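Please treat every number below as a calculation from the coordinates, not as lab data. As the structure is a prediction and not an experimental result, all values here were calculated from the model. Positions of Cβ are generated from backbone atoms using ideal geometry, with glycine treated the same way; all protein chains shown enter the neighbour counts.
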Amino acid sequence: MTTQYTIYLVNNSAQTQQFWCFLATPDELAGDPGVFANSSMSLALSSGQPGINTFTIPVQYVVSAGASNQAVGFGVEIDSSITSNAALGQLWEADYANAPPDMGPKLKLLDSAGAPATAIALKSNAFDEVTNEANGWFSNMSFGIETARGFIGMTWSPSPQQTRTLTPLLKFYVAVGSYGSNQLARWTDISNKSAMLQVPESFQLNEATVTYGADGGWSVTPERRLLRRRAVACMTTRRATPRPRA
């Protein structure tokens with residue numbers, strides 16, 4: 001059974017907020033300006049919205065490849081044309097076509113044991129990047145996690161015959177704002193304005209609560225919603241209070 005992590009969301013601000021979830025880059029991609037955050041996982045919460053509101057994240061990695069008439073860059077919407085589930089230790093290859101004509105790539109598993117046991121490797125074929133881009137046809141490659149609510153991960157422009165070996169990092173950012181679905185964002189913009197959760201320290205029994213406060217600040221608690229716990233505590237206190245004598 002796939003391990004999953006649940007992030008409970010609480011909005012204590014005065015306005016409705018659009019919450020977004022992002023997956024941090026593996027160390028091998030950290031600081032690379034050509035690698036962008038990519039997410040389609042979001043949820044709108046009104047001020048003080050009741051009920052249980054969550055991001056549920058299964059540890060199911062995916063690799064993706066695509067090509068379009070838009071170059072990979074900040075603010076560009078990238079939704080890869082082909083995606084496959086990937087497991088640790090695997091080596092995958094994306095085969096990009098030479099344009100013209102404009103064609104999407106193919107994605108195939110090259111070797112089930114072609115990467116270190118704690119990593120996933122992605123390789124690109126010997127495509128003609130210069131001619132493709134001169135004809136307005138741009139390749140993209142992505143890595144991340146696919147959830148029931150959408151994709152969280154990262155996207156970059158691959159070079160021909162390039163192999164990236166990635167050691168996944170289970171570190172999540174929760175942010176609010178006007179990010180677009182599958183619209184590429186800068187990591188600095190996200191990490192400076194978000195709550196950060198990392199496995200295992202930010203979670204208890206694979207659950208955590210993220211609260212967006214009235215002052216625009218964030219708090220992270222490694223457990224389920226505090227509101228529910230407080231309600232139970234209040235009920236217990238009332239039951240324990242003796243009734244006054246007549």
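List of remarks:
- Maximal additional length on extending the E201-S46 stretch stands at 52.9 nm, based on 0.36 nm per residue less the C-alpha distance.
- Aspartates and glutamates whose Cα lies under 15 Å from that of K108, excluding same-chain neighbours fewer than 8 positions away: E93, D95
- Annotation: the residues S40, S159, sorted from fewest to most other C-beta atoms within 10 Å of their own C-beta, follow the order S159, S40.
- Summarising the strand pairing of the stretch 4-240, around 85 percent of its internal DSSP beta bridges are antiparallel.
- Proximal lysines to K193, defined as alpha-carbon separation beneath 24 angstrom and excluding residues fewer than eight positions away on the same chain: K171
- Distance in nm between pseudo-label sites at K193 and N12 (7 Å out along the Cβ direction from Cα): 2.2 nm
- Entry note, the chain: the mean residue ellipticity at 222 nm calculated from DSSP H runs of n ≥ 4, each adding -39500 (n - 2.57), is -3000 deg cm²/dmol after division by the residues and rounding to the nearest 500.
- Its relative contact order, with pairs defined as Cα atoms under 8 Å and 6+ residues apart, puts the chain at 27 percent.
- In the chain, taking the dipole from charged Cβ atoms about the Cα centre, the farthest positive-side position among P58, G213, N182 is held by G213.
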